[in-house]
Amino acid sequence: MRLSDLADLAELGKAAGPFASVTLDATAVDRASGGDVEQRWAVLERELRENGAPDEVVEIVAAQAVAPTGEGGEVTRVLVAGPDGLVVDRLLPGRPAREEAAYGPVPHLMQLLRAAARFVPYAVVRLDRSGADIDVVGGLGTGARTEVVEGGHEVLHKVPGGGWSQRRYEARVEDSWERNAEAVAREIDSVVRRHAPDVVVVAGDERAWGELRSRVGHAASEVLVRIDSGGRAEGTSEDAEHEAVVQALDEARARRRQEVLGELAQELSRQQRAVEGLDAAVDALRRGQVEQLVLRDEPSSAIILWSGAVPLGLGTTREDAVAAGQSKPVEVRADAALAWAVVGQDARVLLVEDDDPHVRDDVAAVLRWSDQSTPHDRVPSMPGHGETPGGSENPE
């Protein structure tokens, strides 16, 4: 998925900075008191104030940072606020790779980028001969909704919340399997058009599956995946269905990774729609050329770039950033500048690990287009590993 698919990030592009950015481990050891979250927030609050965040902005963040998440287990909270109020409040599964608090013209979105890079938009279809329940899972696993399709009468109900564990609806048995399959196929085609899931997982009756598969459109047929567990039948194991869906999503993620890395390798060998290395990737981001950024995920990296209020106005030097349209560039973590530029041009991101052999440099990109000024020659790896950033993020 793209970071710009998230509604609050679209709003962030219109918001006025500078921004207070917080990535907080919101996991409550004692969910009743939440005291552990308050202690972690106190540390980040001090960092915000030391970085120059004004009292009114800190108070906006503080009110939400310690608010109950309503989630069990490990959870990360990402907050971004500006002078006009809170712009981003996202809950993500798991603990953050690092907690941080920053204040400046560049919002820190790497934790969201990390989550979006690993998330697979999907739908689950629980099928029988009378119709289907369709769960559509939105951005970063939130915004799930269930659509219930009853074949002959073409009844469609939509309810908020849920996921594959949500209680199923009773379906009326109709007199024609073919009519029901046609109604379900039309709704799946609509879901694919509206939500563009990477995979549509289908569970349930084998005969209904055969009828459905022959009726969906081409776009839907490309993303349909059949699983043996789950469905609408009484007594179906939700745990088994859950495991099968997770496996299908893992396989979809692996396929997507292979496709991106294969395209990257092919285009690099042709010296066409791809670049490799920090300088070349930054140049392509400045020009709005990047379709897919491939980035080595190093949370401890201290590499810096110059950026500011203009998302695409980044550079490896202050002069480069000014030339790209930045009026008051500042030094920021490279991952923050890259994530800001990704949001600015509606690009996708693939993260690779330290030991991944497919990406020789720490950053590469598949491009939307290329011309004679695109730097295709391979450049050295990202400089400055282990260096300490030399400047403050506070705006001048």
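The residues of the range 211-228 that are within 25 Å of residue 240 (Cα to Cα) and loosely packed, with under 13 Cβ neighbours inside 10 Å, listed by number, are 222, 228.
Does residue 292 satisfy being modelled with pLDDT of 90 or more and within 19 Å of residue 110 (Cα to Cα)? So that I can check it myself, show each step before the final result.
Working: modelled with pLDDT of 90 or more: yes; within 19 Å of residue 110 (Cα to Cα): yes.
So residue 292 fits the description; yes.
If you scan the range 18-53, which residues turn out to be modelled with pLDDT of 75 or more, open to solvent by 40 Å² or more (accessible area, probe 1.4 Å) and at negative phi? Write out each step before concluding.
Here is the first cut: in the range 18-53, the residues modelled with pLDDT of 75 or more are 18-28, 36-53.
Within this subset, residues satisfying the condition of being open to solvent by 40 Å² or more (accessible area, probe 1.4 Å) are 38-40, 43, 45-47, 49-52.
Within the range 18-53, 38, 39, 40, 43, 45, 46, 47, 49, 50, 51 meet the criteria.
Restricted to helices (runs of 4 or more DSSP H) entirely inside the range 225-343, those with at least 3 residues that are closer than 30 Å to residue 129 by Cα are 238-270.
Among the residues making up the range 331-364, a single one is of a type in the set (Asp, Glu), modelled with pLDDT of 85 or more and more than 14 Å from residue 293 (Cβ to Cβ): 331. Of 192, 200, all but one fail to be surrounded by 15 or more Cβ atoms within 10 Å (Cβ to Cβ), of a type in the set (Val, Ile, Thr), at pLDDT 80 or above and under 16 Å from residue 245 (Cβ atoms); the exception is 200. Taking each residue of the range 302-325 that is over 22 Å from residue 347 (Cα atoms) and looking for partners that are at pLDDT below 95 and open to solvent by 50 Å² or more (accessible area, probe 1.4 Å) with beta-carbon atoms closer than 7 Å, six or more apart or interchain, yields 302/386; 302/387; 302/388; 302/389.
Report yes if residue 314 is within 27 Å of residue 80 (Cα to Cα), modelled with pLDDT of 95 or more and out of contact with any strand residue (DSSP E or B) (no Cβ under 6 Å at 6 or more places or on another chain), otherwise no.
Numbers: within 27 Å of residue 80 (Cα to Cα): yes; modelled with pLDDT of 95 or more: yes; out of contact with any strand residue (DSSP E or B) (no Cβ under 6 Å at 6 or more places or on another chain): no.
No.
The listed residues are 219, 265, and the only one of them that is of a type outside the set (Val, Ile, Thr) and within 28 Å of residue 109 (Cα to Cα) turns out to be 265.
In this structure, residue 258 does not satisfy being touching a residue at least 12 places away in the same chain (Cβ under 8 Å) and open to solvent by 60 Å² or more (accessible area, probe 1.4 Å). Take the residues in the range 89-117 that are more than 15 Å from residue 24 (Cα to Cα), modelled with pLDDT of 90 or more and open to solvent by less than 10 Å² (accessible area, probe 1.4 Å), then tell me which one is nearest to the chain's Cα centre (by Cα). Within the range 89-117, the match that is nearest to the chain's Cα centre (by Cα) is 106.
What is the residue count in the range 118-127 for residues that are touching a Lys or Arg at 6+ places or on another chain (Cβ under 8 Å) and buried (at least 22 other Cβ atoms within 10 Å of the Cβ)? Let's see the steps before the verdict.
Step one: filter the range 118-127 for residues touching a Lys or Arg at 6+ places or on another chain (Cβ under 8 Å), giving 118, 120, 126-127.
Of the ones still in play, those that are also buried (at least 22 other Cβ atoms within 10 Å of the Cβ) are 126-127.
Looking only at that region, the number is 2.
Can you name the condition, by its number, that residue 239 falls short on among (1) over 28 Å from the mean Cα position of the chain (by Cα); (2) open to solvent by 60 Å² or more (accessible area, probe 1.4 Å); (3) free of Cβ contacts under 8 Å to residues at least 40 places away in the same chain? Status for residue 239: all satisfied but (1).
Looking only at the range 188-201, how many residues end up being under 10 Å from residue 220 (Cβ atoms) and in contact (Cβ under 8 Å) with a residue 12 or more places away in the chain? Even if it seems obvious, please write down each step before you answer.
In the first step, residues of the range 188-201 are kept if they are under 10 Å from residue 220 (Cβ atoms); the result is 188-193, 197, 200.
So of that shortlist, the ones also in contact (Cβ under 8 Å) with a residue 12 or more places away in the chain come out as 188-189, 191-193, 197, 200.
Residues flagged as under 10 Å from residue 220 (Cβ atoms) and in contact (Cβ under 8 Å) with a residue 12 or more places away in the chain within the range 188-201 amount to 7.
The values are calculated or read from the model by the stated rules, or taken from the named source; none is laboratory data. Not measured: the values here are computed from a predicted model. Here the Cβ is made from the backbone with ideal geometry for all residues, glycine too, and neighbour counts use every protein chain on show. Ligands, DNA and RNA are stripped out before the accessible areas are found, and what is left, the full protein with its side chains, is counted by its heavy atoms. Shrake-Rupley method; radii C 1.70, N 1.55, O 1.52, S 1.80 Å.
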